[in-house]
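Here's the structure we're looking at; comments come further down.
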Amino acid sequence: MKEVEINGKAVTVVSTVDAVGLFCPLPVVKLKIEMEKLKLNEVAELLADDGGVLEDLPTYCRETNQKLLSLSKNKDDIFVAYVEKQRE
Amino acid sequence: MQKKGLALILHSGSYDRLYQGMSVALAALALGRVVKLFFTYWALETLRKDAGDSLILDEEARAHRKILEKNLKEKHMQKISQLYAQAKIMGAKFYACTQSMGLLNISRDELVKEVDKSMGLTTFLTEALEDQLLFI
């Protein structure tokens, strides 16, 4: 568990899915498996370097009614995303 | 609204085809779709308990063996058994084609525990009537 700041708000991150190195669609697949374990309103972090997540993660969140809090690239060129569980 | 299910007939045992087929299955599962996998012929061979994870490649893929081996070694790509295990965790149904079992002389006991049941094409197509269907 850790605290991060997203859009000026402190958010508690319950778990991290490290999908760095994995090709599409595995980052989204690994995140989905992790989301199953979370309770409602808990937040998971996804780390990935496959460019597919830029389109695929927002699509996954929209289609499964999860909330994408943020998706950005860090200084090491890794995509970092935070997703809040809204739906079982 | 119930999402459209996805039904895959997995025929080839070549790693590249199975990898792509299972990628399609996993992406659909991540989106909350019901996925049914029907294993025939050389794909069914990969569900034998003693199949292991050796890199089986058909003629087209064989020319690219090095690329696949490198990416598997560096863990960018996963082994077929890992893809099966993930699909299973996410709720995919694994069906063994009875005709292929007869042809290849494979009994139900020789198949991995992921296999839910064995059935013929008539049953599978009936189960998959409302689904999107792909042959790989």
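The values are calculated or read from the model by the stated rules, or taken from the named source; none is laboratory data. The structure displayed is predicted, hence computed values, not measured ones. Cβ: placed from backbone, ideal geometry, glycine included. Neighbour counts: every protein chain shown. What goes into the accessible areas is simple: the full protein's heavy atoms, side chains included, and nothing from ligands, DNA or RNA. Shrake-Rupley method; radii C 1.70, N 1.55, O 1.52, S 1.80 Å.
Would you say B:Leu72 is within 14 Å of chain A (Cβ to nearest Cβ) and farther than 27 Å from A:Glu88 by Cβ?
Judged against the criteria, B:Leu72 is a match.
In this structure, is A:Cys61 buried (at least 16 other Cβ atoms within 10 Å of the Cβ) and at pLDDT below 95?
Judged against the criteria, A:Cys61 is not a match.
Going by what's in this entry, would A:Glu5 be described as part of a strand (DSSP E or B), at pLDDT below 95 and on the phi < 0 side of the Ramachandran plot?
Yes, satisfied.
Conditions first: (1) within 14 Å of chain A (Cβ to nearest Cβ); (2) in contact with a helix residue (DSSP H, G or I) (Cβ under 9 Å, 6 or more places away or on another chain); (3) outside any loop (DSSP other than H, G, I, E, B). B:Leu37 passes all but one, so which condition is the exception?
If we test B:Leu37 against (1) within 14 Å of chain A (Cβ to nearest Cβ); (2) in contact with a helix residue (DSSP H, G or I) (Cβ under 9 Å, 6 or more places away or on another chain); (3) outside any loop (DSSP other than H, G, I, E, B), just (1) comes out false.
Residue by residue through segment A:46-63, note down the ones that are within 11 Å of chain B (Cβ to nearest Cβ) and among the acidic types (Asp, Glu).
A:Asp49, A:Asp50, A:Asp56, A:Glu63
Which pairs have Cβ atoms under 6 Å, sit 6 or more apart or on different chains, and link a residue in segment A:24-45 that is facing chain B (nearest Cβ under 8 Å) to one that is among the acidic types (Asp, Glu)?
Pairs that qualify, where the first residue is facing chain B (nearest Cβ under 8 Å) and the partner is among the acidic types (Asp, Glu), are A:Cys24/A:Asp50; A:Val28/A:Asp56.
Which one is surrounded by the most Cβ atoms within 10 Å (Cβ to Cβ), of the residues in segment B:1-50 that are among the β-branched types (Val, Ile, Thr) and touching a residue at least 60 places away in the same chain (Cβ under 8 Å)?
Looking at residues that are among the β-branched types (Val, Ile, Thr) and touching a residue at least 60 places away in the same chain (Cβ under 8 Å), I get B:Thr40.
With the requirement that a residue be open to solvent by less than 30 Å² (accessible area, probe 1.4 Å) and not in a loop (DSSP other than H, G, I, E, B), what does segment A:44-58 give you?
A:Ala44, A:Glu45, A:Leu46, A:Ala48, A:Val53, A:Leu57
Does A:Val4 satisfy the criteria of being of a type outside the set (Lys, Arg) and surrounded by 16 or more Cβ atoms within 10 Å (Cβ to Cβ)?
no
Can you find a residue in segment B:22-30 that is at pLDDT 95 or above, within 30 Å of A:Arg87 (Cα to Cα) and among the β-branched types (Val, Ile, Thr)?
Yes - at least one qualifying residue is present in segment B:22-30.
All but one of (1) among the basic types (Lys, Arg); (2) under 16 Å from B:Leu29 (Cβ atoms); (3) surrounded by 15 or more Cβ atoms within 10 Å (Cβ to Cβ) hold for A:Lys37, so report the exception by its number.
(3)
What number of residues within segment A:79-88 satisfy the criterion of being over 12 Å from A:Val17 (Cβ atoms) and touching a strand residue (DSSP E or B) at 6+ places or on another chain (Cβ under 8 Å)?
3
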